[in-house]
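Single-structure report; data block below.
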Amino acid sequence: MRQGCVITPALFNLYFNLVISQWREKCRDFGVDILYKCGGKLIGERTRRPCCIKMSELLFADDAAAVGTSRRSMERAASILKSVISEWGLVLSIPKTKLLIAGAPCDEEEELRPLHLDECVVECVPDFKYLGSVVDGRGGIMKEVKERIAKASRAFGALKEPVYKNLSLATKRLVYKAVVLATLLYGSETWTTKCDDVRKLEVFHNRCLRGILGISAMQQRMEHISSVHVAKRFGMEESLEDMMIARRLCWLGHVARMSEERIPKKVLFGWLPQCRPAHGTKMRWRDRVRRDLRKFHIDENTWFKECQERAVWRRKCRDGLRDSTKERLAEGEVRRSVRRNATATATTGQQSATDTIRPLTCDTCQRSFRRRQDITRHRCVTTRPRGQVLRPPT
């Protein structure tokens, strides 16, 4: 078949599905067991008749990711996959194949050494870039955030001359949302954000807004221009954190509306049968989503029913974004008023304290002093007789 034919992807998917089915038949014990129960609760339903699925591979187009629980099982499954692929006339790209150890940190050199497949060597990497996103073996997103900021910065720099200097503010806002902001928040629906991650993104976002409005960092400090005022002038008062929350909740509703046979839905409501480590687990995506639901004032007991209607759920996410923005602006105004009142009170107190201090004045030259020892050491050269010492007033 020729390249570009419309039925080529469908035929390749059928062909590759037969390859993976034969590989799965030879590796029945390979994979990760996941217990799940699609009852609509993110946390809590773990004991009453859960279902089980063995997930051994993840497929997307012509890419495949094998998932295992030990290095020995991974070596065996990889060697079988290579032999099966060669039997079907396909070639496994070794330079594009990587080994990633996810989960708890591993310090043993035996686990971190490369994987050998016949005469080929598969490199063991701490992170892997796939479809433009960085998958970290430790579960963090700091590398992904830095990558997103770098790409968004390049996009902003490319548009600075032709767009941000000659067009109206409304057009600049639309271009910024469509290009820079879309590049910055690509894949943010699956992020488990922390305070440091959000802070880095907010700093870059505010710097872009200042650049579009022509406000330098020095001018912002000297004129005491707040970031809230900059966002209001730009016409986009929503914070970057609230926008990411809205995206995560939209993705949550999309996964929840899937059929129960889909793997994303099983993983969303699933858990591992093994016990948790003694040191505890890191924040999971579902933990982050529970905080997002509470922040947008969405009930955890009814969200699953509400998200079944796509239009209703999208409207609820937009309302939550609007209400969260109003609450944040109101809280900021309250904090600023409290700060102004405290500053005014402190200034008034200093002035009253200064007024209550009795000045020490020389009777001859009428010079004032703050301390008694200063007026005692004072030598007036006007009309005071030489050698005479003036006593401070009592």
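The values are calculated or read from the model by the stated rules, or taken from the named source; none is laboratory data. All values reported here derive from a predicted model rather than from experimental measurement. Note that we place each Cβ from the backbone using ideal geometry, even for glycine, and neighbour counts take in every protein chain shown. Side chains are part of the model used for accessible areas, which takes the heavy atoms of the whole protein and leaves out ligands, DNA and RNA. Shrake-Rupley method; radii C 1.70, N 1.55, O 1.52, S 1.80 Å.
Suppose every Lys and Arg Cβ carries +1 and every Asp and Glu Cβ carries -1, with no other charges. What dipole size does the chain come out with about its Cα centre, to the nearest 20 debye? If you can, show how the numbers build up before the last one.
Working: 75 positive and 47 negative charges, 508 e Å.
Taking the Cα centre of the chain as origin, the dipole is about 2440 debye.
Quick check on the range 1-45: take the gyration tensor over C-alpha atoms, sort the square-rooted eigenvalues as a ≥ b ≥ c, and tell me if it's rounded (a/c under 1.5), prolate or oblate. Spell out each step's value before the answer.
Values: a/c = 5.67, a/b = 1.81, b/c = 3.14.
It is oblate, given that a/c is not under 1.5 and a/b is not larger than b/c.
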request  = Keeping all protein chains in position, work out how much accessible area E25 exposes to a 1.4 Å probe, and write it in Å² to the nearest 10.
outcome  = 110
task = Tabulate in residue order the Karplus-calculated ³J(HN,Hα) for the range 137-149, using 6.51 cos²θ - 1.76 cosθ + 1.60 with θ = phi - 60°, rounded to whole Hz; enter x for Gly and Pro.
result = x, 8, x, x, 10, 5, 5, 5, 5, 5, 5, 5, 5
message = Can you return the lysines within cross-link range of K232? Criterion is Cα-Cα under 18 Å, with same-chain partners fewer than 8 residues away left out.
response = K172, K177, K326
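Of all beta bridges DSSP finds with both residues in the chain, what is the antiparallel percent, to the nearest 5? Spell out each step's value before the answer.
Working: 20 of 23 bridges.
Of all bridge pairs located within the chain, approximately 85 percent are antiparallel.
Taking only protein heavy atoms into account and a 1.4 Å probe, give the accessible area per residue of the chain in Å².
On the way: 25460 Å² over 394 residues.
With all protein chains present, the chain gives 65 Å² per residue.
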inquiry  = Based on alpha-carbon centroids, what's the gap between the range 15-67 and the range 179-243 in Å, whole number please?
reply    = 40
ask   = Once label points are set 7 Å from the Cα along Cα→Cβ at both A102 and R257, what is their separation, rounded to one decimal in nm?
value = 2.6
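Calculated FRET efficiency, V67 and R138, Cβ-Cβ r, R0 22 Å, to nearest 0.05?
Values: r = 17 Å, r/R0 = 0.78.
The calculated FRET efficiency here is 0.80.
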remark   = A 1.4 Å probe over the protein heavy atoms gives the chain a carbon and sulfur accessible-area percentage of 54
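Viscosity 1.002 mPa s, temperature 20 °C: Stokes-Einstein D of the chain from its Kirkwood Cα radius, in µm² per second? Spell out each step's value before the answer.
Numbers: Rh = 27.2 Å.
Reported coefficient: 79 µm²/s.
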request  = Only Cα pairs under 8 Å and at least 6 apart count here; give the relative contact order of the chain as a rounded whole percent.
outcome  = 14
query = Taking only Cα atoms, what is the 0 to 90° angle, nearest 10, from helix 310-356's long axis to the longest principal axis of the chain?
reply = 20
